[in-house]
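The values are calculated or read from the model by the stated rules, or taken from the named source; none is laboratory data. These figures come from a predicted structure and were not determined experimentally. Here the Cβ positions follow ideal geometry from the backbone for every residue, glycine too, while neighbour counts run over all protein chains shown. Note: accessible area is taken over every heavy atom of the protein model, side chains too, but ligands, DNA and RNA are not part of it. Shrake-Rupley method; radii C 1.70, N 1.55, O 1.52, S 1.80 Å.
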Amino acid sequence: MTGLQALSRDVADLVARAAPAVVGVEQGGGQGSGVVIAPDGWVLTNAHVARGRGPVRVRLSGARVVAAERAGADDRTDVAVLRVDARDLPALALSERRLSVGELVVAIGNPLGFERSVTVGVVSALHRNLAAPRGAVLEGLVQTDASINPGNSGGPLLDAGGAVVGLSTAMLPWAHGIGFAVPAHTAAWVASVLMREGEVRRPFLGIAARGEDLEARDATLAGHGRGVRVLEVVEGAPAGRAALRPGDLLVAASGSPVQTLDDLQRVLVLARAGEIDLQVLRAGRPLRLAIRPDPPRAAAA
């Protein structure tokens, strides 16, 4: 068997295992995709797919259509969770691992209503930001050249082992071979909060910041290659009270590596109330700061 034949067989086997967990999501006149993440009826999709006041229906494997309840949605990450009254559903787990550029990925979804269509591509880039409706910005997206079309939104992006590594979220209608997905390590923690609480309430630090690649010396100190650069600090906010400064690099929070803004948000949300221990690099020197975030507020950072 040639290498190409082996690859073809492996992709076919992967799709056969994963496709039964991919569902269609219908809301009003719109259609999208979703993926079952728990056998007892939890379905992950995009917030923009589930948004609206009309009833939501989910088309399961085998063409069975069931009513769905909106369990929660988070516009900041474009992630939503639905609940359907069904049991023993085929489900896929969300992977927590970080992707690498060049990895083979497979997208499954319902583009233009064509159920469980399969496309194959690679991870083209990581940490992409994309403007979204209502003035929002989706951060830390995976860029892929696996074909993503209207209706793919909410469907899984799989790695070569069949693990869900992303949730298809957007495409550029004027471009070819450029699609985007929410990384699964983001979707996983957001989904867990939505399943418990119905919304994601982000504590307030009072900073403007961005993720960036680290210089070699800073990467050695941090133990990883990316961090979050503080651009502005709101006077009188928790960050200011904790002596955080513009230019500081956040590289860990409460013992967890901080490589992206999502990593920071995850620690803040899951830690709930309480003090956060920040590991900071300031002008190439490590220091630790203790910060106590304020309760969530509108447009918190």
Just to be sure, is Asp75 closer than 30 Å to Ile178 by Cβ and within 23 Å of the chain's Cα centre (by Cα)?
yes
Original post:
Does the stretch 64-85 contain any residue that is surrounded by 19 or more Cβ atoms within 10 Å (Cβ to Cβ) and polar (S, T, N, Q)?
Top reply: yes
Scanning the stretch 125-162 residue by residue, the ones that are modelled with pLDDT under 95, closer than 21 Å to Val23 by Cα, surrounded by fewer than 22 Cβ atoms within 10 Å (Cβ to Cβ) and not hydroxyl-bearing (Ser, Thr, Tyr) total 5
Wholly inside the stretch 212-301, helices (runs of 4 or more DSSP H) that include 1 or more residues that are under 26 Å from Glu197 (Cα atoms) and not assigned by the TED database to the domain that holds Thr186 are 238-241, 261-271
Within the stretch 16-63, residues open to solvent by 30 Å² or more (accessible area, probe 1.4 Å), outside any loop (DSSP other than H, G, I, E, B) and under 17 Å from Gly198 (Cα atoms) come out as Ile37, Trp42, His48
Quick count over the stretch 90-124, residues being surrounded by fewer than 20 Cβ atoms within 10 Å (Cβ to Cβ), hydrophobic (A, V, I, L, M, F, W, C) and either on the phi < 0 side of the Ramachandran plot or not assigned by the TED database to the domain that holds Gly62 (or both), is 8
